[in-house]
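S.K.: If you scroll down you'll find the structure; I have some questions about it.
Any read-out appearing in this document is the output of simple, stated calculations on the displayed coordinates, not a laboratory observation. These numbers come from a predicted model, not from an experiment. Heads up, the Cβs are rebuilt from the backbone with ideal geometry, glycines too, and the neighbour counts pull from every protein chain shown.
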Amino acid sequence: MTKYIFVTGGVSSSLGKGIVAASLAKLLQARGYRVTIQKFDPYINVDPGTLNPYEHGECYVTDDGAETDLDLGHYERFLNIPTSQANNVTTGKIYQTVINHEREGVFLGKTVQVIPHITNEIKRRITALSVTGEYDIIITEIGGTVGDIEGLPFIESIRQLKWEKGNQNALVIHLTLIPYLSAAKELKTKPTQHSVKDLLEVGIQPDILVCRTEHPLNMDIRRKLALFCNVTVNSVIEARDADSIYSVPIEMLREQLDKTVLEKLGLSAEVEPDLKKWIGFLNKLKNPKHEVTIGLVGKYVELQDAYKSIHEAFIHAGVSNECKVRVETIHSEYLTEENFKEKLGHLDGVLVAPGFGGRGIEGKIASIKYIRESKIPFFGICFGMQCAVIEFARNVLGLKDAHTTEVSSDTKNPVIHMMEDQRNVNTKGGTMRLGAFDCDLSDDSIALKSYKHKHIQERHRHRYEFNNEYRNQLEDAGLIATGVNTKRNLVEIVELKNHPYFIGVQFHPELKSTVENPHPLFVSFIEAALKQKEHKKNTQLQHENFSL
Ligand code: GLN
């Protein structure tokens with residue numbers, strides 16, 4: 001029988017429910033259990049695809065083309081198994097289904113209500129993942145904070161499911177914050193007590209408390225929390241601020257979160273978790289032999305979460321090169337001819353980020369010119385690849401007005417234009433080219449050298465594409481299409497000849513990088529950056545020797 005674990009949050013948002021859920025899942029997986037995680041978001045958007053990254057961070061995309069919350073990225077990076085449409089559900093999706101059913105006449109004669117119709121649909125979605133029998137344990141993370149009005153139907157559904165399945169088959173982990181008052185030099189348990197009371201008010205007794213804290217929880221505090229929140233002392237788990245999200249599973253192991261969970265669910269904890277690979281990764285992460293500095297050029301750089309998967313992919317690729325990757329974020333809107341050298345000149349590699357719309361595009365394009373000419377390793381992703389094509393067309397082919405029709409709809413040289421099947425699309429949500437598509441790689445390309453096999457599948461999220469009418473001209477001048485979707489005749493990768501490392505990809509490789517499988521392109525990019533650094537050092541030495 002499938003077991004259910006629900007993760008709720010209290011006291012404050014941004015406590016890292018996703019990381020705690022992913023860490024617990026990792027530990028259970030390491031003990032041989034088949035685990036998946038899903039995220040329920042109480043907002044009314046059908047999915048986060050229409051949200052500005054400033055609102056909700058990066059939009060993560062699954063193989064089957066779901067535009068999802070960025071926590072799904074953590075789930076995949078930790079568990080190394082793909083997620084799907086079913087792993088992210090929002091209030092919008094729930095209501096959309098129920099309202100469609102109402103129109104179809106499914107509830108004919110009945111008044112459609114939050115309870116039972118909305119809660120039944122939530123429960124159906126929670127249990128849907130168990131139907132295939134693929135998973136022993138399903139972890140469901142509820143977005144937001146307990147007490148939020150929009151979260152109530154989800155909390156009520158958990159209450160019902162817990163009752164229906166029985167305490168041995170369903171448990172609730174409540175993640176809270178234990179603030180430290182520096183004036184009093186004391187950790188405070190009151191906000192947690194209140195947040196547990198909020199849960200009790202709606203009929204839920206949490207089984208385990210995971211307490212975010214800046215300082216260790218001593219036995220007195222643990223006992224106090226246990227007493228006031230009706231849990232056993234070993235169900236009070238300390239979650240201290242960690243130096244890396246990848247250390248959290250080890251912290252949770254130390255606190256025996258997995259053991260406590262298994263005991264409560266009546267599952268065996270005999271098999272010790274096999275975390276060899278994970279610990280190997282952590283050791284390398286903490287003891288790098290080299291260091292490189294990479295520039296990340298984008299327009300949402302103020303917010304770390306906007307490029308979450310890129311940052312994580314750098315960490316994975318860094319570890320695989322035994323190298324610390326320092327990422328310098330560079331706002332594309334503020335890049336000008338005057339400050340290129342100062343902002344980009346010292347970098348060992350530059351990644352130009354995905355994006356939408358005209359703001360900051362000229363900074364991206366002009367920075368690529370500088371990177372191309374200074375032979376700094378370059379990696380362009382999606383919009384970044386499109387900008388590389390525009391730059392090359394403008395400055396090498398001399399097509400001064402080359403552009404993407406996304407920004408300049410009447411340009412005479414639309415080197416990037418709207419995909420054929422997008423031209424009649426009028427709605428915004430879920431209508432881009434989304435999910436995994438095939439791509440064939442050319443011999444003698446950076447891509448093939450990196451992936452080491454000719455046929456790949458990568459995830460997409462865009463409306464515009466490389467315009468094949470310019471392919472011959474661009475290739476003759478040295479910008480080669482080295483990855484193509486042959487079925488649809490779409491250029492997916494471009495590379496520059498006579499450059500140490502210059503690659504632009506139409507897809508999002510960052511979404512498939514995991515701890516166990518760092519992405520091959522990120523790995524080869526960091527390798528190229530290391531070589532660049534070495535090369536710079538040698539030329540500097542030569543200079544110094546020469547002037548002696
Ligand atoms: N705006 C571009 C497009 O829609 C690129 C999208 C992206 O970078 N994800 O094609």
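S.K.: Figure the gain on full extension for residue 110 and residue 163 (residue separation times 0.36 nm, minus the Cα-Cα span) and round it to one decimal in nm.
M.R.: Using 0.36 nm per residue and subtracting the Cα-Cα distance, I get 16.6 nm.
S.K.: Among the listed pairs 286/308; 165/197; 190/276; 93/487; 17/264, give every one whose C-alpha distance is greater than 30 Å.
M.R.: Numbers: 286/308 20 Å; 165/197 23 Å; 190/276 39 Å; 93/487 32 Å; 17/264 20 Å.
Among 286/308; 165/197; 190/276; 93/487; 17/264, the Cα-Cα distance tops 30 Å for 190/276; 93/487.
S.K.: Then there's this: Would you give the gap between the C-alpha center of region 309-330 and the C-alpha center of region 490-518, rounded to a whole Å?
M.R.: 15
S.K.: Quick one: what does P(r) look like for the chain with 20 Å bins over all Cα pairs, in whole %?
M.R.: Once binned at 20 Å, the Cα pair distances of the chain give 20, 49, 27, 4, 0.
S.K.: Using +1 on the beta carbon of Lys and Arg, -1 on that of Asp and Glu, and nothing else charged, what's the dipole of region 404-548 about the Cα centre, debye to 20?
M.R.: Here the size comes out at about 300 debye.
S.K.: Just want the ordering: 385, 418, from fewest to most Cβ atoms lying within 10 Å of their own Cβ.
M.R.: 418, 385
S.K.: Please list the three semi-axes, largest first and in whole Å, of the ellipsoid equivalent to region 318-409, using sqrt of 5 times the eigenvalues of its alpha carbon gyration tensor.
M.R.: Semi-axis lengths for region 318-409 are 23, 14, 13 Å.
S.K.: If you don't mind, another one. Once the Cβ-Cβ distance between residue 359 and residue 190 is put in as r, and R0 is 60 Å, what FRET efficiency do you end up with, to the nearest 0.05?
M.R.: On the way: r = 45 Å, r/R0 = 0.74.
The computed FRET efficiency comes out at 0.85.
S.K.: Run the simple label-point estimate for residue 339 and residue 421 please: 7 Å along Cα→C-beta, distance reported in nm.
M.R.: So the two model labels end up 4.2 nm from each other.
S.K.: Testing the spin-label approximation: label points 7 Å from Cα along Cα→Cβ at residue 293 and residue 412. State their distance in nm.
M.R.: Using points 7 Å along Cα→Cβ, the separation is 4.2 nm.
S.K.: Select from 167, 151, 131 the residue farthest towards the positive end of the dipole of region 120-180; place +1 on Cβ of Lys and Arg, -1 on Cβ of Asp and Glu, and compute about the Cα centre.
M.R.: Selected residue: 167.
S.K.: Rounded to the nearest 10 degrees, what's the angle between the helix 17-30 long axis and the longest principal axis of the chain, both from Cα atoms, 0 to 90?
M.R.: Result, in degrees: 80.
S.K.: Also, quick follow-up: Taking the alpha-carbon distance from residue 375 and a cut-off under 12 Å, which aspartates and glutamates remain once sequence neighbours fewer than 8 residues away in the same chain are dropped?
M.R.: Cα-Cα hits under 12 Å: 348.
S.K.: Calculate, for residue 44 and residue 183, the FRET efficiency according to 1/(1 + (r/R0)^6) with r their C-beta to C-beta distance and R0 45 Å; round to the nearest 0.05.
M.R.: E(calc), rounded to 0.05, equals 0.65.
S.K.: How high is the relative contact order of region 1-110, in percent, counting Cα pairs under 8 Å that sit 6 or more residues apart?
M.R.: 27
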